[in-house]
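Written out below as structure tokens is the structure these notes cover.
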Amino acid sequence: MADFLTDQKSTQRAYLVGIQTPKMAVGEGAELLGELHELVENLGIAIVQSKLINLREPQSKFLLGSGKTAELIKEAKEGDADVIIIDEELSPAQQRNWEEESGLAVIDRQEVILEIFADRAQTREAVLQVALARMEYSLPRLKRAWTHLSRQRGKGALGGEGETQLEQDRRLVRDRVTRLKSELEEVLQQREVQRRKRMRKPVPGTAIVGYTNAGKSSLLNKLTGSHVLAADKLFATLDPTTRQLLLPDGRMLLATDTVGFIRRLPHRLVEAFKATLEEVVVADFIIHVLDVANPNVEHHFSTTMEVLVELGAGGKPMITVFNKIDAASANTLVMMRAKHPEAYFISVHTGEGLDRLLTRCAELAIDDYITAELLVPHHRYDVIGKLHELGTVRTQETRDDGVFLAGRFPLKHRTIFEPFVCQPAKPKSKPGRRTTRTP
């Protein structure tokens, strides 16, 4: 097969190769191979065999040694496999070497994840982001997709050597990347406008994050009564979904479900979905959901925390939630409660523990907005524009001595509006607290 990304339908049988290196924890290679098994099954591809290889030192030509490579290729062909999938990132040259040696399609974990993302993308933003990631991935690998790359084309009637097919294809891909980035920028600007509109409203927000298939969408559905797709498969949803959640004290909270994380997530996908994952960055706090019944839950915890740090959200207030306690053993629960005493243990399926989780959400959903009446001088329309952007302006009147505004504005931006307060601001009363006036 010339190109797995564009001809995946013809791929029916896969031979999987897992890698265990001295730098990895004992058993980690087997865990990752099991995860790759599930990823490939999500593509509807049958697995004829899988094998774990202990790799002491990476080799430049095939990543593995030539002898081991020949052995794996023989086993793959004996199993009538039409694709070899290696659970390690291959360089473009290594991928070409494998395909030339085997006569089969050879891909790595990155390409599998890219294909799953392409299959799951629904909204225009997700489709564009996946397309961009695939184009950037395929650009250095174009040579493996063609057999006529050395042929050169002349330039019109004047003749001349012209450009090779490979050069032309690279130019076309680069042009496509440029167009995708331009289209994506327009979509991201629209999302930013929508986000600003939400932020103008005095409603706090949380982002639900976690390893893929941990139960994030199911939790959102349970808490909000919505019907976001929640399937027992990896990356069931890629697009962020925001719903209103009623807190125990009667306030509203905006809860956003985000794309699931996974170990060895291709970095280009992290970059491509940066805008989607920015919902995490702008949230007031994070709900980190984990599947406590999964034997690799500690690795999942570390993976999600690493991505959050990369996004700049590692220091945000966080609620750690272990889901699926109804499916975990008593010993597992005892051990995890001891390791994570601050965490909340719930079952979305049975509803156990959700009341305590909602109470904690109410504690973190700080509504730092105050009601104020302002008089802004006519020459400070920059301040007026900023107030419309950051807060909620309910009344605006043009007067002789300035522009009068009444509304609700965030305390964290009080330095912008405090100089123009024409009467004491009135903070919103908290349950069980006395209303106070600003100094």
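The values are calculated or read from the model by the stated rules, or taken from the named source; none is laboratory data. What you are looking at is a predicted structure, and each value in this text was computed from that prediction instead of being measured. Note that each Cβ is placed from the backbone with ideal geometry, even for glycine, and that neighbours are counted across all protein chains shown.
Within segment 124-161, restricting attention to residues that are surrounded by 14 or more Cβ atoms within 10 Å (Cβ to Cβ) and part of a loop (DSSP other than H, G, I, E, B), which residue is modelled with the lowest pLDDT? Among them, the one singled out is L149. Mind checking which pairs have a first residue in segment 42-57 that is over 14 Å from E88 (Cβ atoms) and a second that is basic (K, R) and in a strand (DSSP E or B), Cβ under 7 Å, 6 or more apart or different chains? If the second residue must be basic (K, R) and in a strand (DSSP E or B), the pairs left are A46/R13; V48/R13.
Could you check segment 316-367 and list, in sequence order, the residues that are of a type outside the set (G, A, S) and in contact with a Pro (Cβ under 7 Å, 6 or more places away or on another chain)? The answer is L358, T359, L364, I366, D367.
Reported count of residues in segment 340-366, each being in contact with an Asp or Glu (Cβ under 9 Å, 6 or more places away or on another chain) and among the acidic types (D, E), is 1.
Filtered by the rule that a residue be loosely packed, with under 13 Cβ neighbours inside 10 Å and either among the aromatic types (F, W, Y) or over 40 Å from the mean Cα position of the chain (by Cα) (or both), segment 378-399 gives H378, H379, Y381, E397, T398, R399. For segment 184-240, residues that are at pLDDT 85 or above, touching a helix residue (DSSP H, G or I) at 6+ places or on another chain (Cβ under 9 Å), among the hydrophobic types (A, V, I, L, M, F, W, C) and under 19 Å from T304 (Cβ atoms) total 5. S302 passes every criterion in (1) modelled with pLDDT of 85 or more; (2) touching a strand residue (DSSP E or B) at 6+ places or on another chain (Cβ under 9 Å) apart from (2). The residue that is surrounded by the fewest Cβ atoms within 10 Å (Cβ to Cβ), counting only those in segment 295-315 that are more than 17 Å from the chain's Cα centre (by Cα) and in a loop (DSSP other than H, G, I, E, B), is G315.
Here I319 meets each of (1) under 17 Å from G260 (Cα atoms); (2) assigned to a helix (DSSP H, G or I); (3) in contact (Cβ under 8 Å) with a residue 12 or more places away in the chain with one exception, condition (2).
In segment 2-31, which residues are crowded, with 18+ Cβ neighbours inside 10 Å and at pLDDT below 90? Hits for segment 2-31 are F4, Q8, T11.
Residue pairs whose Cβ atoms lie under 7 Å apart, separated by 6 or more positions or on different chains, with the first residue in segment 116-138 and on the phi < 0 side of the Ramachandran plot and the second surrounded by fewer than 17 Cβ atoms within 10 Å (Cβ to Cβ) and not in a helix (DSSP H, G or I), are I116/L43. Apart from one condition, P341 fits all of (1) without any contact (Cβ under 8 Å) to a residue 24 or more places away in the chain; (2) exposed (fewer than 13 other Cβ atoms within 10 Å of the Cβ); (3) in contact with a strand residue (DSSP E or B) (Cβ under 9 Å, 6 or more places away or on another chain); the exception is (3).
Answer with yes or no whether V403 is of a type in the set (V, I, T), within 35 Å of the chain's Cα centre (by Cα) and either modelled with pLDDT under 75 or outside any helix (DSSP H, G or I) (or both). For V403, the condition - of a type in the set (V, I, T), within 35 Å of the chain's Cα centre (by Cα) and either modelled with pLDDT under 75 or outside any helix (DSSP H, G or I) (or both) - is not met. For H378, the criteria (1) free of Cβ contacts under 8 Å to residues at least 40 places away in the same chain; (2) assigned by TED's automatic domain parsing to the domain that holds F285 hold in every case but one, which is (2).
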